[in-house]
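The values are calculated or read from the model by the stated rules, or taken from the named source; none is laboratory data. Everything quoted here is computed from the prediction, not taken from an experiment. Quick reminder, even Gly has a Cβ in these numbers, built from the backbone with ideal geometry, and neighbours come from all protein chains shown. Note: areas computed on protein heavy atoms with side chains; ligands, DNA, RNA excluded. Shrake-Rupley method; radii C 1.70, N 1.55, O 1.52, S 1.80 Å.
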Amino acid sequence: MTDDERLRRWRLVLGGGPDDTADGTGVGLNPDDRRVDAALAALYDGGGGEGNGPRTGGLGGSAPQVARWLGDIRQYFPTSVVQVMQRDAVERLGLTRMLLEPELLAAVTPDVRLVGTLLSLKGVLPERTKETAREVVRTVMTELQRRIADRTRAAVTGALDRSARTRRPRPGDIDMARTIRANLQHFSPELGTIVPERLIGHGRRRRSVQRDVILAVDQSGSMAESVVYAGLFGAVLASMPALRTRFVAFDTAVADLTDELGDPVELLFGTQLGGGTDINRAIAYCQSLVTRPTETLLVLISDLYEGGARADLLRRVGALVASGVQVVTLLALSDSGAPAYDHDNAAALAALGVPAFACTPELFPDLMAAAIRGEDLTRWTAAALA
C-alpha cells in the first residue's frame, strides 16, 4: 500500500472538515470518496455527551435522505459492512422508521439480525409495511434454506440409516461392502474367500416415523437470532417423513406452532419476541407430547434465564431423562459467538446428564445426526469445538 493510499484511508477513518484538513492528514478527497466520507459521517461523526461537540452528521430530517444514505452505503461498501452499518444506524440513531416505511425497508440489505428486529417490531408495523417485511423475511429464509437444508437432510438421513442397521440381517438386507470390510481378517487361503463372522445389515427402511423431535424455543428478546434459525431447521426437519417434529415457542406462555412448520415465514411471524421466560411451563407442555420416550429427542433452545419455578424445571428434566428421552440444551443457535446465559442452571442441567452449549447453524446438522446415533453429546461437543 502506498503512503498516499494509507493517508487516504486514515482520512476516511478520522473524518474531517470541508477543506479536508481538519483531521491533520491534509489529504484531499475525490467525489466518490466524499460520498463515502459523508455516509460514514452521517452515522459515526461526533455525538453529544462525550465532549466531542454537537453531531456533525445524522440521518434525521426526511425519508429521502435516509433512502439516499442506504443507497450510498450499498454502493460503496461490501454486504457484510452494509449489514453492520444498518444495525448501527438503528441502534445509534434510533432509525426504527427505516423498518416502518416500505420504501426504506425495501432498500435495506436483509440478514438474520434484521429478521429478528422485524419480528420484534411486528406488533407495531403499519399495514403498508407488513407485506414488505414478509418479503424481507422470506428472502433471508430462502437463502438460509438453500445453504443448509440439503446438508441437514443428508446428515439426519445418514444417522437414521446407521441407527437402523442390524447385526443379524436377513439375506436381502446384508450390507456387502461393510460386511466385507469388517471381515477382511477372516480370509481363508484354503477356500479362497472371506468367511464372515459378523454380518452387517442396512436394516429395513421403515416407512413409519423413526424419531420424535421436539424443538422448544425461548422467544425472549435476547434469543431473536436463535428463533430465526430454529424456525428454519424446524421446517427442514418437518419435511422428513422419518421424523415427527414439533415446534414449541415460549416466553411466559407456550405456543405450539407445529402446524406452521410448512412455511417458515408464517412460523416466525407466529412467534412473539420479548417478554419474560417460564422454561418450566414449556417443559411441562413438551413432557405431555412425549409418547415414545426412548425414541424422542428434546432440543431446548434457551439462555436458561428462568423466571418460573426452577426446582420444578430441574425435576421435570430429570424425569424426562430417566424415562429415556434424550434432552439437549442449546444456549444459542446463532452465528453470534459466545452467548450470555445462566451458568447455574446450565451446570444443574449438566449434572442431570443434559449437555448445554452454544451451537452454530453449520454444526446443527451434525449435532442432530450425533444425537440420533446415540453418541455422547458432551464428548461430541468437545470434539466439535476442538
Of the residues in region 236-251, those that are farther than 14 Å from VAL217 by Cβ and touching a residue at least 40 places away in the same chain (Cβ under 8 Å) come to VAL236, SER239, MET240, ALA242, LEU243
In this structure, does ALA332 turn out to be surrounded by fewer than 23 Cβ atoms within 10 Å (Cβ to Cβ) and of a type in the set (Gly, Ala, Ser)? no
Test each condition in (1) open to solvent by less than 20 Å² (accessible area, probe 1.4 Å); (2) over 15 Å from the mean Cα position of the chain (by Cα) for ASP218 and report the one that comes out false. (2)
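I'd like the full set of residues that are among the hydrophobic types (A, V, I, L, M, F, W, C) and open to solvent by less than 30 Å² (accessible area, probe 1.4 Å), limited to region 295-329. First the steps, then the outcome.
Within region 295-329, the first condition is being among the hydrophobic types (A, V, I, L, M, F, W, C), and the residues that meet it are 297-301, 304, 309, 311, 313-314, 317, 319-322, 325, 327-328.
Passing the criteria: LEU297, LEU298, VAL299, LEU300, ILE301, LEU304, LEU313, VAL317, LEU320, VAL325, VAL327, VAL328.
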Close pairs from region 136-152: first within 23 Å of LEU125 (Cβ to Cβ), partner open to solvent by 10 Å² or more (accessible area, probe 1.4 Å), Cβ under 6 Å, at least 6 apart: VAL136/PRO110; THR139/PRO110; VAL140/PRO110; MET141/PRO264
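Hand me the list of helices (runs of 4 or more DSSP H) wholly inside region 102-218 holding 2 or more residues that are at pLDDT 85 or above and polar (S, T, N, Q). Don't jump to the end; show me each part of the working.
Working: elements: 102-107, 112-121, 127-163, 176-182.
Answer list for region 102-218: 127-163.
Residues checked against (1) charged (D, E, K, R); (2) touching a Lys or Arg at 6+ places or on another chain (Cβ under 9 Å); (3) crowded, with 18+ Cβ neighbours inside 10 Å:
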| site | (1), (2), (3) |
| --- | --- |
| GLU103 | yes, no, no |
| VAL115 | no, no, yes |
| GLY123 | no, no, no |
| GLU127 | yes, no, no |
| GLU131 | yes, no, no |
| ARG134 | yes, no, no |
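What are the residues in region 359-373 that are in a loop (DSSP other than H, G, I, E, B), touching a helix residue (DSSP H, G or I) at 6+ places or on another chain (Cβ under 7 Å) and open to solvent by 50 Å² or more (accessible area, probe 1.4 Å), if any? Reasoning before the result, please.
Step one: filter region 359-373 for residues in a loop (DSSP other than H, G, I, E, B), giving 360-363, 373.
Filter once more, so that each one left must be touching a helix residue (DSSP H, G or I) at 6+ places or on another chain (Cβ under 7 Å): 361, 363, 373.
Residues satisfying the conditions are LEU363, ARG373.
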Candidate set from region 292-326 (those that are within 16 Å of VAL248 (Cα to Cα) and polar (S, T, N, Q)); member that is farthest from the chain's Cα centre (by Cα): THR296
Exactly one condition in (1) within 21 Å of VAL321 (Cβ to Cβ); (2) at pLDDT 95 or above; (3) surrounded by 21 or more Cβ atoms within 10 Å (Cβ to Cβ) is not met by PHE247; state its number. (1)
Write out, first by first residue and then by second, each pair whose Cβ atoms fall under 6 Å of each other, whose residues are 6+ apart or on separate chains, and whose first residue, in region 67-82, is closer than 16 Å to LEU104 by Cβ while the second is charged (D, E, K, R). ASP72/ARG35; VAL82/ARG74
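Which members of region 256-294 meet the condition of being without any contact (Cβ under 8 Å) to a residue 24 or more places away in the chain and either acidic (Asp, Glu) or surrounded by 16 or more Cβ atoms within 10 Å (Cβ to Cβ) (or both)? So that I can check it myself, show each step before the final result.
First, the residues of region 256-294 that are without any contact (Cβ under 8 Å) to a residue 24 or more places away in the chain: 257-260, 266, 270, 288.
LEU257, THR258, ASP259, GLU260, GLU266, GLY270 - these are the residues of region 256-294 that are without any contact (Cβ under 8 Å) to a residue 24 or more places away in the chain and either acidic (Asp, Glu) or surrounded by 16 or more Cβ atoms within 10 Å (Cβ to Cβ) (or both).
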Inter-residue pairs, beta-carbon under 7 Å, first farther than 15 Å from LEU377 by Cα and in region 328-347, second β-branched (Val, Ile, Thr) and open to solvent by less than 10 Å² (accessible area, probe 1.4 Å), 6+ apart: LEU333/ILE301
Name the one entry in ASP23, ASP19, ASP32 that is among the acidic types (Asp, Glu), at pLDDT below 80, surrounded by fewer than 13 Cβ atoms within 10 Å (Cβ to Cβ) and under 30 Å from LEU7 (Cα atoms). ASP19
What is the one condition in (1) over 21 Å from THR277 (Cβ atoms); (2) open to solvent by 50 Å² or more (accessible area, probe 1.4 Å); (3) aromatic (Phe, Trp, Tyr) that TYR341 does not satisfy? (1)
Just the residues that are open to solvent by 30 Å² or more (accessible area, probe 1.4 Å) and at pLDDT 80 or above, please, taken from region 35-61. ARG35, ALA38, LEU40, TYR44
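Which of the strands (runs of 3 or more DSSP E) found entirely inside region 251-358 contain at least 3 residues meeting this: under 30 Å from THR129 (Cα atoms)?
Values: elements: 254-256, 296-301, 326-333.
Once the strands (runs of 3 or more DSSP E) in region 251-358 are filtered for at least 3 residues that are under 30 Å from THR129 (Cα atoms), what remains is 254-256.
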